[in-house]
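See structure below.
The values are calculated or read from the model by the stated rules, or taken from the named source; none is laboratory data. Remember, it's a predicted structure, so these values are computed and weren't measured experimentally. Note that each Cβ is placed from the backbone with ideal geometry, even for glycine, and that neighbours are counted across all protein chains shown.
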Amino acid sequence: MASSGPSGLRIKSPDLLVAESGVDRAGNGLQRSMGLFQLVCFGIGAIVGTGIFVGLSDTVAEAGPAVIVSFVLAALTCVFTAFSFAELGGAIPVSGSSYSYAYATLGERTAFLVGWCLLLEYGVSVSAVAVGWGQYLNELLGSLIGWELPAALARPPGDGGIVNAPAVVVILLAALLLVRGIRESARATAAMAVLKLAILALFCVIGFSAFQDGNLSPFAPESVAGITSGASVAFFSYIGFDAITTAGEEVRNPRRNIPIAIMICIGVVTVLYCLVAVAAIGALSSDQVADQPAALSLIVNRVTDSTLGGGVIAFGAVVAIASVVLAVMYGQTRILMSMSRDGLIPRIFERISPRTATPVANTWIVAGVFAIPAAVVPLDVVMNLTTIGTLAIMAVVNVSVLVLRRTRPGLPRRFRVPLFPLSPVLGIGFCGYLIYGTGPATWLQFVGFLVVGSLVYALYGRRHSRLGAAPREPVGSEAPDPTLTSDPTAPDPALTFGSRGA
């Protein structure tokens, strides 16, 4: 079940990870109620939000019209890593995502640090996304009723405000929906995902109607350095696709549906982002778009010479960003639940409500903790640290694929990384390249963050780890999970939207 050796190097087998998944120590379990369509919408819901609605202007400020190349570079990084997530998500379908993959390949200490970094990717990014929500909420209020929230209550300190109240509100609303149940959350996320895709498609139509070739020249005013820096910023727009793997214990037929959902999400989002970037720069020059807090609404207002179109875009952004908060908070709670189940963090995070089949206390703690930085920290500070933490995690996932192919070649895999081992090696290389683009200040912040994580593991995680304890029966039933052993040729009931789980 676990390899021998120093505590930090203990490895938890994929079989034990799957055997212990689904229930807490009190025997309360999660429900497999998400189908493929809902899972794809959940993935899109986790990705499309602040990065494109708010962060586009920051990417343009770095790369100019070459923002298109920056988005493609960021997409390549995600594609190679998405292959690795798809293979591991199908082989080890549990809620722990990259934390569990590291535990199964690189040992307990590395797994803890990956979980620690996931606080950046999921928890801190919730704060970053929520900050952007307030900007578009004001844009929407201005379009509808001609009134906006005062800057003191709509922006954090350092950005002209005192406290970002809308950011706190959207986090608390997401938590309220999450504790009601996964079926309700999945349906809400699906509806919001469809709506925001329609809004972005509308933006592309409006932007291309005013396309001017001259706006693309000079194409790369900051040369390669600007494109690289822009790619690091653009990468934030793709963060969230791996949240699909955190639903591994609540998805029907996860070995099949998780890889398919990841590939669909990356393909749809990459095409959409490139179209939005081209439409934006074609409609207005990069100088006019750069550093604008609600760039898409601004572009539509200029093109249509009215505030109505911008109001529609602002409405789409409000919905889109809210759905990201919902999906990413979901992912964070499931990561913490897996770490708690392993004893590396307090037990309260693994407790599942027998009434709603959700980790209620876990959800409210996450909401409370990450509402604080959302209220008082400027967006750009949070974005850079989130980006480097996510890139580090993705590099580890690519390494995990290489290791698991060597240590467990016979493990069932419904999806295999193409061009192995070139694909994960390229994934590692692209992650390193974008980490370089985040800059020395962000590197130092990240090193400090890892040092604190190492201390937390040494003082708490290592001492409370359950892996080194006496052998025990796996949590839950010994009967095989039919959703993990089903006939791969059987019809997939997950294609029915909103259908009930088995």
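Among the conditions (1) modelled with pLDDT of 80 or more; (2) buried (at least 21 other Cβ atoms within 10 Å of the Cβ); (3) closer than 30 Å to W147 by Cα; (4) within 25 Å of the chain's Cα centre (by Cα), the only one that I299 does not satisfy is (4).
Taken over region 180-196, residues that are in contact with a helix residue (DSSP H, G or I) (Cβ under 9 Å, 6 or more places away or on another chain) and either at pLDDT 80 or above or among the hydroxyl-bearing types (S, T, Y) (or both) amount to 10.
Determine if region 360-379 includes at least one residue that is farther than 30 Å from Y136 by Cβ and surrounded by fewer than 24 Cβ atoms within 10 Å (Cβ to Cβ). Yes: one or more hits.
Residues checked against (1) over 30 Å from P354 (Cα atoms); (2) at pLDDT 80 or above; (3) assigned to a helix (DSSP H, G or I):
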| position | (1), (2), (3) |
| --- | --- |
| R109 | yes, yes, yes |
| L144 | yes, no, yes |
| E148 | yes, no, no |
| V163 | yes, yes, no |
| V170 | no, yes, yes |
| A174 | no, yes, yes |
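Looking at region 195-243, which of its residues are aliphatic (A, V, I, L, M), crowded, with 20+ Cβ neighbours inside 10 Å and under 29 Å from V397 (Cα atoms)? I227, A231, V233, A234, I239, A243, listed by residue number.
Yes/no matrix, rows are residues, columns are (1) part of a helix (DSSP H, G or I); (2) under 30 Å from R180 (Cα atoms); (3) without any contact (Cβ under 8 Å) to a residue 60 or more places away in the chain:
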position	(1), (2), (3)
G368	yes, yes, yes
T386	yes, yes, no
T390	yes, yes, no
L404	yes, no, no
P409	no, no, yes
G427	yes, no, no
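Do the conditions hold for Y136, that is, is it in contact with a strand residue (DSSP E or B) (Cβ under 9 Å, 6 or more places away or on another chain) and either closer than 30 Å to K12 by Cβ or in a helix (DSSP H, G or I) (or both)? Spelling it out, it is not the case that Y136 is in contact with a strand residue (DSSP E or B) (Cβ under 9 Å, 6 or more places away or on another chain) and either closer than 30 Å to K12 by Cβ or in a helix (DSSP H, G or I) (or both). Among the residues in region 347-359, are any within 20 Å of the chain's Cα centre (by Cα), modelled with pLDDT of 85 or more, in a loop (DSSP other than H, G, I, E, B) and not aromatic (F, W, Y)? Yes.
Among residues belonging to region 424-452 that are of a type outside the set (A, V, I, L, M, F, W, C) and buried (at least 19 other Cβ atoms within 10 Å of the Cβ), point out the one that is farthest from S340 (Cα to Cα).
Filtering region 424-452 for residues that are of a type outside the set (A, V, I, L, M, F, W, C) and buried (at least 19 other Cβ atoms within 10 Å of the Cβ), the one farthest from S340 (Cα to Cα) comes out as G437.
The set of residues in region 82-110 being small (G, A, S) and in contact with a strand residue (DSSP E or B) (Cβ under 7 Å, 6 or more places away or on another chain) consists of A104 alone.
Residues that are in contact with a strand residue (DSSP E or B) (Cβ under 9 Å, 6 or more places away or on another chain) and either farther than 16 Å from G45 by Cβ or in contact (Cβ under 8 Å) with a residue 40 or more places away in the chain (or both) are absent from region 158-167. Within the set T438, T442, the sole residue that is of a type in the set (V, I, T), out of contact with any Phe, Trp or Tyr (no Cβ under 9 Å at 6 or more places or on another chain) and either at pLDDT below 90 or under 20 Å from Y101 (Cβ atoms) (or both) turns out to be T442.
A single entry from V124, V131, V114 fulfils the requirement of being over 28 Å from G311 (Cβ atoms), surrounded by 15 or more Cβ atoms within 10 Å (Cβ to Cβ), among the β-branched types (V, I, T) and modelled with pLDDT under 80: V124. In this structure, D213 does not qualify as of a type in the set (D, E) and under 17 Å from the mean Cα position of the chain (by Cα).
Of everything in region 412-430 that's aromatic (F, W, Y) and farther than 19 Å from F235 by Cα, which residue is modelled with the lowest pLDDT?
So the residue we want is F415.
Here V396 meets the list (1) touching a residue at least 60 places away in the same chain (Cβ under 8 Å); (2) surrounded by fewer than 19 Cβ atoms within 10 Å (Cβ to Cβ); (3) in a helix (DSSP H, G or I) almost entirely, failing just condition (2). Here L455 passes the criteria (1) part of a helix (DSSP H, G or I); (2) modelled with pLDDT of 90 or more; (3) surrounded by 14 or more Cβ atoms within 10 Å (Cβ to Cβ) except the one numbered (3).
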